[in-house]
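To start, the structure under review is shown below, and the notes come after it.
The values are calculated or read from the model by the stated rules, or taken from the named source; none is laboratory data. Quantities reported herein were computed from a predicted structural model and do not represent experimental measurements. Positions of Cβ are generated from backbone atoms using ideal geometry, with glycine treated the same way; all protein chains shown enter the neighbour counts.
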Amino acid sequence: MRSSPGGGTRYNLGIIFYHQGNLPAAFTHYQQDITLDPHNILSHYNLAIILQQLRSTRAGNLYLSKSY
């Protein structure tokens, strides 16, 4: 698994939207990044964090398990 994004635009947009507090937009961009690069563990981890913040613990745990 990769541990860093390869300059992925979707990943970077996810970070920006997350820091702006726009969790739905960040969620969408991390999902798109995972579709393009299913081995990007940072996108899996960040998506898990968002899902847990949105109280979707079960789905969050699924993505968290793919981040290591």
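Here's the yes/no breakdown for (1) at pLDDT 95 or above; (2) surrounded by 17 or more Cβ atoms within 10 Å (Cβ to Cβ); (3) within 12 Å of the chain's Cα centre (by Cα); (4) among the small types (Gly, Ala, Ser):
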residue	(1), (2), (3), (4)
Arg10	no, yes, yes, no
Gly14	yes, yes, yes, yes
His19	yes, no, no, no
Leu23	no, no, yes, no
Gln52	no, no, yes, no
Thr57	no, no, no, no
Gly60	no, yes, yes, yes
Is there any pair with a first residue in region 19-44 that is over 15 Å from Thr9 (Cα atoms) and a second that is among the basic types (Lys, Arg) and surrounded by 15 or more Cβ atoms within 10 Å (Cβ to Cβ) whose Cβ atoms are under 6 Å apart and which are 6 or more apart or on different chains, and what are they? His44/Lys66
If you scan region 29-41, which residues turn out to be closer than 20 Å to Gln53 by Cα, in contact with a helix residue (DSSP H, G or I) (Cβ under 8 Å, 6 or more places away or on another chain) and of a type outside the set (Phe, Trp, Tyr)? His29, Gln31, Gln32, Asp33, Ile34
